[in-house]
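Here the structure is laid out as structure tokens; the discussion comes afterwards.
Here, each number is a calculation from the coordinates, and none is a lab measurement. As the structure is a computational prediction, the values presented were derived from the model and not from experiment. Note: ideal-geometry Cβ built from the backbone for every residue, glycine included; neighbour counts use all protein chains shown.
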Amino acid sequence: MANLVEASGLVKRYREVTALDGLDLAVAEGSVLGLLGPNGAGKTTAVSILATLLEPDAGSARVAGIDVRSRPRDVRRRIGLSGQFAAVDEHLTGFENLVMVGRLYHLGRHRARARAGELLELFDLAEAGGRPVKTYSGGMRRRLDLAGALVAAPPVLFLDEPTTGLDPQGRRQLWEVIRGMVGGGTTVLLTTQYLEEADQLADRILVIDHGRAIAEGTADELKSRIGAERIEVTVTDGAALEPARAALARFAVGEQLADGRSRTLITPIAGGAPVLAAALHELAQAHIAVRDVGLRRPTLDDVFLTLTGHVSAPEENGQ
Amino acid sequence: MKALSHAVSDAAVIAWRNVIKIKRVPDVLVFVLISPIMFVLLFAFVFGNSINIPGGSYREFLIAGIFAQTVVFGATFTGAGLAEDIQKGIINRFRALPMSRSALLVGRTVSDVVYNALSLLIMALTGLVVGWGISSSVLDAVAGFALLLAFAYAFSWVMAYVGLLVPSVEVINNASFMVTMPLTFVANTFVPAENLPPVLRTFALWNPVSAVTQATRELFGNIPPGTAPPEAWPLQHPVLYTLLWAVLLVAVFAPLAVHRYRTSGRRA
Ligand SMILES: Nc1ncnc2c1ncn2[C@@H]1O[C@H](COP(=O)(O)OP(=O)(O)OP(=O)(O)O)[C@@H](O)[C@H]1O
Ligand SMILES: [Mg+2]
């Protein structure tokens, strides 16, 4: 199947910061690519380039087969963008915002109004649709912004952290909407900080850090690389970390990671609660004093720990 | 052909978006409707009797100056509106839409013509109440208002460009005063330019705001009979001089602003 989004060797520098450092990516028609990465990884920069807001310093990108640098207007006709920060007009009502976007996609007055009504309904904003956006909550703005991306029912959607700021119900609703769009043939590139979200929505996941791809695959492939669940044990005495590691080694399905500073040991396991119980028993047998223990699903941090061998560097990015 | 009709309809959508804010945003209402009334009343009553104009009344003289000053101040609004669009991030929505690349700017400057027309209407009505009048023909009066609006439109492109350069609305509101105050005070707006000290006088005589004011006074018939004709060329041909400036400002600043809008690397 053809790739509706394709980028190769994207480089973008801001003075001394290299936001993108030779990024390649591809999204097959009708599929969802989840772009996963910590703060400052370059997700927004990548989306901005693909959505024609930014020009790369090097590399090339095609969206719906069209070069983003040489024919940005033609690209814009075929994409919907919902950026990381809601881009809506505070003083217009929700309805007026969507009508304006529809008219700027050249839908025509009548179609633009009809479409605005449909989308307000779809995003649970029908009641608030007649109120100025400045009276909306953060989650409502976010939903309105997402609705704006769908106005022209574009073949390609770019969603930058679409569910950040939504409550769990709103998040689930949005997932449904996105699945519906993909079912209808839309191609989606979405960024997220949550592995679970990528897991729910994405056909393929691209993990990036420091502007470079560090892993790619389906959610299952990535998970099998990092283990499905992990036991996290914090010991009372740092000296007990090594004995704890030894005690739990036989449960590990992947590499164990010990962090001396937080006196925490992470052991990837398979088998869930019974294994946890057995592990606790093992620790008690070895007389290791445990301060805290828990069974966790893998997080983005675990992906990074495993893929890069270090905790993702905390970035101070001035947003 | 299609591109042109899109450019027009896109700009119209943006203009509509700005115009409906008059009834929604108190700041806009105050700026467009209330403060012009204040200007007319304050100047008419505070200075109205203290400055003498040979052969005429100061209020007659003053009103055209206030008109010119108000439309020049109004241009700041254009820049502030664009700076706000950037600050609030909505510019990213526009930049990712297939709209004409001049639409945001054309729409903004056009909606500000609507604002200026409303301001002028309100000021003219207030002026009539405090004793100002038009003693020329209807056609001349219409030409006077049209010239004010044309100059205001051109000047708003200057501020549109500035609005795209500055980091925030506050900056443009403060910085623009450094331009609009000298432009509107070192002119024949409130006192005859001939009365100013030499350096300021030269500036005032060539200042386009003086020409707009002079042209408006002539077109409204607000110049007392027997007044000596101005000695500087710009004020002898104020309509032509104003139009030349208007064309020049648009020719320079519209392309600059559109270029800046297109290339400013804002982020999603
Ligand atoms: N306009 C800019 N000027 C300077 N540096 C920038 C600019 N925009 C981004 N950066 C830097 O580029 C890097 C990538 O930023 P980007 O916003 O793409 O990251 P991100 O993955 O979207 O992060 P987040 O999860 O916080 O949204 C960061 O180090 C950031 O500080
Ligand atoms: Mg981001």
Q. Where is the GNM fluctuation largest for chain A (alpha-carbon springs, 10 angstrom cutoff): A:ALA147, A:ALA249, A:ALA239?
A. A:ALA239
(Q) If neighbour count is taken as other Cβ atoms inside 10 Å, put B:HIS259, A:HIS210, B:HIS6 in order from fewest to most. (A) B:HIS259, B:HIS6, A:HIS210
Q | Net charge of neighbours whose Cβ lies under 13 Å from the Cβ of A:ASP203, counting Lys and Arg as +1 and Asp and Glu as -1 | A | -3
**Q.** the protein assembly as shown: calculated mean residue ellipticity at 222 nm from DSSP helix runs of at least 4, using -39500 (n - 2.57)
**A.** -16500 deg cm²/dmol
Q) When DSSP assigns beta bridges and you keep just the ones with both residues in the protein assembly as shown, what percent turn out antiparallel, to the nearest 5? A) 70 percent
Q: Rounded to whole Hz and in sequence order, give me ³J(HN,Hα) for segment A:190-207 from the Karplus expression 6.51 cos²θ - 1.76 cosθ + 1.60, θ = phi - 60°, writing x for Gly and Pro.
A: 10, 9, 7, 9, 9, 4, 4, 5, 4, 4, 5, 10, 8, 6, 10, 10, 10, 9
Q) Got a sec? How would A:GLU127, A:GLU121 order by Cβ neighbour count within 10 Å, fewest to most? A) A:GLU127, A:GLU121
Q.
Need the list of lysines near A:LYS12 for cross-linking: C-alpha distance under 29 angstrom, and skip anything on the same chain fewer than eight residues off.
A. A:LYS43, B:LYS88
Q) So how strong a dipole does the protein assembly as shown carry about its Cα centre when Lys and Arg Cβ are +1 and Asp and Glu Cβ are -1, to the nearest 20 debye? A) 1240 debye
Q: Please build a GNM for chain A, connecting alpha carbons under 10 Å apart, and tell me which residue among A:THR163, A:THR18, A:THR44 fluctuates the most.
A: A:THR18
Q: Between B:VAL247 and A:ASP67, with labels modelled 7 Å along Cα→Cβ, what's the label distance in nm to one decimal, could you check?
A: 3.9 nm
Q: Quickly work out the A:ILE214-to-A:ALA28 label distance, labels modelled 7 Å from Cα along the C-beta direction, and quote it in nm with one decimal.
A: 2.7 nm
Q. Of A:VAL235, A:VAL156, A:VAL88, which has the largest mean-square fluctuation in a 10 Å C-alpha GNM of chain A?
A. A:VAL235
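Identify the GluC sites (Glu not before Pro) of segment A:1-41 meeting these criteria: DSSP loop state and at most 10 other C-beta atoms within 10 Å of the C-beta.
A:GLU16
Would you mind giving the mean number of other chain beta-carbons within 10 Å of the Cβ of each residue in A:138-151, as a whole number?
So the per-residue partner count for this stretch is 1.
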